[in-house]
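One structure below.
The values are calculated or read from the model by the stated rules, or taken from the named source; none is laboratory data. From a predicted model like this one, the values you see are computed outputs, not experimental measurements. All Cβ positions, glycine included, derive from the backbone under ideal geometry; neighbour counts span all protein chains shown. Each accessible area value is taken on the protein alone, full model and side chains, heavy atoms only, with ligands, DNA and RNA left out. Shrake-Rupley method; radii C 1.70, N 1.55, O 1.52, S 1.80 Å.
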Amino acid sequence: MDISAGIQASLAGRYASALFDLASENGTVTAVETDLDKIEAALAESAELAAVTTNPKVSRSDAKKALWGVSAILGVSELTQNFLGVLAHNRRLNQLPKVIRAFRAIAAAQRGEVTAEVTSAHALTDAQLADLKAKLTAREGRTVKLSTKVEPDLLGGLVVTIGSKRIDASIRTRLNSLSQAMKA
């Protein structure tokens, strides 16, 4: 499989590539991806857990024990649990969010998917998301997976980011453009 040079060049990308290779050999890519989703949600939900991954004062063994305990509660696979142990042993737990993003990118590329980050002023309805997904899939020529977030500062419209491409159809940007044009 061809992995982009940008992913391979980063530390997190190298760890994600190694995890992806192991998961591919075992046929558990989807399971590992699900495990990483659970871990990411746990990190977002628990400030204490996030502190364990970023605090340099936490010993390697304590970090490993904490993550293994959380892994057991979340029901993650042995491969993912062992991988977290390797990150803890190598003092790379602070890279975990980047590793998760890189793993997702590698898995999506392998499936022929692309992720579009959609930022809107208000939460989009399921019908709007389905319509947007269909239009982006037609435009990109491959399956598009949507990742949404709400940013009220946009005032209205959307900002869609697919890889290095950005489509900014927000009212905030239009107002800024109009303001600049009026100044000239």
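Remarks
- Residue under evaluation Leu132, criteria (1) open to solvent by less than 40 Å² (accessible area, probe 1.4 Å); (2) closer than 24 Å to Leu158 by Cβ; (3) within 19 Å of the chain's Cα centre (by Cα), criterion not met: (3)
- Members of the stretch 25-52 that are among the polar types (S, T, N, Q) and over 14 Å from Leu67 (Cα atoms): Asn26, Thr28, Thr30, Thr34
- From the list Val99, Val76, the one residue that fits, being over 30 Å from Leu155 (Cα atoms) and either within 12 Å of the chain's Cα centre (by Cα) or open to solvent by 40 Å² or more (accessible area, probe 1.4 Å) (or both), is Val99.
- Within the stretch 34-76, the residues that satisfy the criterion of being over 12 Å from His89 (Cα atoms) and either touching a Lys or Arg at 6+ places or on another chain (Cβ under 8 Å) or in a loop (DSSP other than H, G, I, E, B) (or both) are Leu36, Ser46, Asn55, Pro56, Lys57, Leu74, Gly75, Val76.
- Candidates Glu113, Glu151, filtered to the one that is open to solvent by 50 Å² or more (accessible area, probe 1.4 Å), in contact (Cβ under 8 Å) with a residue 24 or more places away in the chain and of a type in the set (Asp, Glu): Glu151
- Note on the stretch 166-184: among residues that are closer than 14 Å to Thr119 by Cα and not in a helix (DSSP H, G or I), the one that is nearest to the chain's Cα centre (by Cα) is Arg166.
- From the list Ala23, Ala31, Ala12, the one residue that fits, being of a type in the set (Gly, Ala, Ser), open to solvent by 20 Å² or more (accessible area, probe 1.4 Å) and within 23 Å of Thr115 (Cβ to Cβ), is Ala31.
- Number of the exception - Thr137 against (1) open to solvent by 20 Å² or more (accessible area, probe 1.4 Å); (2) under 30 Å from Arg172 (Cα atoms); (3) touching a Gly at 6+ places or on another chain (Cβ under 7 Å): (3)
Let's see how each residue does on (1) open to solvent by less than 30 Å² (accessible area, probe 1.4 Å); (2) touching a helix residue (DSSP H, G or I) at 6+ places or on another chain (Cβ under 7 Å):
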{"site": "Ala16", "(1), (2)": "yes, yes"}
{"site": "Glu45", "(1), (2)": "no, no"}
{"site": "Ala51", "(1), (2)": "no, no"}
{"site": "Val58", "(1), (2)": "no, yes"}
{"site": "Gly69", "(1), (2)": "no, no"}
{"site": "Gln81", "(1), (2)": "no, yes"}
{"site": "His89", "(1), (2)": "no, yes"}
